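Structure first, commentary second.
Coordinate-derived values only; no laboratory data. Predicted, not measured: the structure shown is a model, and the values here were computed from it. Here the Cβ positions follow ideal geometry from the backbone for every residue, glycine too, while neighbour counts run over all protein chains shown.
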Amino acid sequence: MRQFTEEQHMFRDAYRRFLADEVAPHMPKFREAGIVDREIFKKAGDQGFLMIWPDEKYGGMGDNDFRYEQIIIEEAARAGCHEWYATLHSRLVGPYFRNFGNEEQRERFLPKCVSGETILAVAMTEPGAGSDLSGMKSTAKDMGDHYLLNGSKTYISNGINADVVIVAAKLEGADSKHAMVLLIVERGMEGFERGRNLDKMGQSAQDTAELFFTNVIVPKENVLGEPGKGFVHLMEGLAEERLIGMVQYGASARHAFDITRDFVMDRDVFGKKLSDMQNTQFKMAELDAKIDMFQVYIDHCVEQHNQGLLTSNMAAKGKMIGSELEWEMVDLGVQMHGGAGYMKEYEICRMFLDARVSRIYAGSSEIMRYIVGRDVFSQKYQSILE
């Protein structure tokens, strides 16, 4: 039995109603436009659904229990609203202010982030620097009272909507390729421009953009964390980022299973229901078992994270296995739907297209295998069962 508090069950019910009333009906329009209406962030903020962890003085609930975000991710997948990247704003980018910001920065930015007036993004990826951030070419030059930021970023989620972007850049003149600084770049800063809203294979409603920085003057009060330690700061957030991914993959796989189950129970093939055929039963039984087993690992990792015990290795394992499992399920779902599965009017088709990126972002499956494999052959290796 999954362990959620009574308050969290009530939160789930309320959030499910919010998605059903305010978000899900508008998803076709958002997909066509290639972007979710900013007003959705504001509506979520008004009802206390956008950021849970900030202290009450910033407008949040002051509860850092990751299970609230787990509920948000699971319900978004269930409602077909996962392209609205609320969690990226709330739990992936927002905590940079908690973990590395100072009190002045928290007071300046967090209240409007909680309310949904300010939308967040983080900019790390460049054409030649994805999983390997050491290849980053964006630079920040220390000018005394400010940094001069130059460079470009690509594939930035919330890139069009974002009002505040946390930008990673190499310190110009530093000896180490890992000497980076995190800069808080705000909408309207001179020299900060956005490129096109990128046309993607899937995730159609999610705005993903190119960002350009030409001699952007970033005042020192907009430096996040310690200059030169930006790479370390980014790495500290990766375990939670991959946990966010794990929850999404598990919820997406379960939703794909559910809609496929409904379809095969209704589809007639050779005079009987597709669900009555042994091949269908065997394939679906295998995926049902795999998804259930993965859910147990997700819940274990959430518990470990709440206790401050989630390791990069544990998160890498879950990210690797979960993204592969999601892909296996959506692929089977398309196959079981037959020709209908190839049609975008069917949800399983959209899920198939959306899921392809899961094995790429937040560290590709190959990088996850490298992390896990490196740990397996290290002197400190220890199974979670030991």
* Structure fact -> Note on region 1-50: alpha-carbon gyration tensor, axes a ≥ b ≥ c; rule is a/c under 1.5 for rounded, else prolate if a/b larger than b/c, else oblate; result prolate
* Principal axes of region 237-376: Cα extent on each, largest first, Å -> 54, 25, 25
* **Crossing angle, helix 365-376 versus the chain [Cα axis fit, 0-90 degrees, rounded to tens]** => 80
* Pairwise centroid distance, computed over Cα atoms, of region 204-276 with region 311-377, Å -> 10
* To do: Once you've got the GNM for the chain with C-alpha springs shorter than 10 Å, pick whichever of Ser115, Ser152, Ser176 has the biggest mean-square fluctuation.
  => Ser176
* the chain: most fluctuating residue of Asp175, Asp37, Asp354 per GNM, C-alpha cutoff 10 Å -> Asp175
* Hey, rough spin-label estimate for Asp331 and Arg98, points 7 angstrom out along Cα→Cβ, what's it come to in nanometres? -> 3.7
* Asked: Which of these, Ile348, Ile217, Ile119, has the largest mean-square fluctuation under a Gaussian network model of the chain (Cα springs below 10 Å)?
  -> Ile217
* Take the alpha-carbon centre of region 1-74, take the same for region 147-175, and report the distance between them in whole Å. => 27
* **Distance between modelled label sites at Asp13 and Met235, nm, 7 Å Cα→Cβ extension** => 4.6
* Label-point separation (nm) for Gln47 and Ser134, each offset 7 Å from Cα along Cα-to-Cβ? -> 4.7
* To do: Write down the radius of gyration of the chain and its Dmax, each obtained from C-alpha positions, in Å.
  => 21.4, 78
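Can you pull out the trypsin sites (Lys or Arg not before Pro) in region 106-185 whose DSSP state is coil and whose Cβ has at most 14 other Cβ atoms within 10 Å? Intermediate values should be presented prior to the final figure.
On the way: sites: Arg106, Arg108, Lys112, Lys137, Lys141, Lys153, Lys170, Lys177; in loops: Lys137, Lys177.
Hits after loop and neighbour filter: Lys137, Lys177.
Just want to confirm a number: the relative contact order over region 240-386, from Cα pairs under 8 angstrom separated by 6+ residues, in percent. All intermediate terms of the calculation are to be shown ahead of the outcome.
Details: 141 pairs, mean separation 45.8, N = 147.
Here the relative contact order equals 31 percent.
Need the full-extension length gain, Ser378 to Arg38, defined as separation in residues times 0.36 nm minus the C-alpha distance. One decimal, nm. Mind showing how you got there, number by number?
Numbers: separation 340, 0.36 × 340 = 122.40 nm, distance 4.68 nm.
Full-extension gain reported as 117.7 nm.
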* Mind checking the dipole of the chain: about its Cα centre, +1 per Lys or Arg Cβ, -1 per Asp or Glu Cβ, Debye to the nearest 20? -> 740
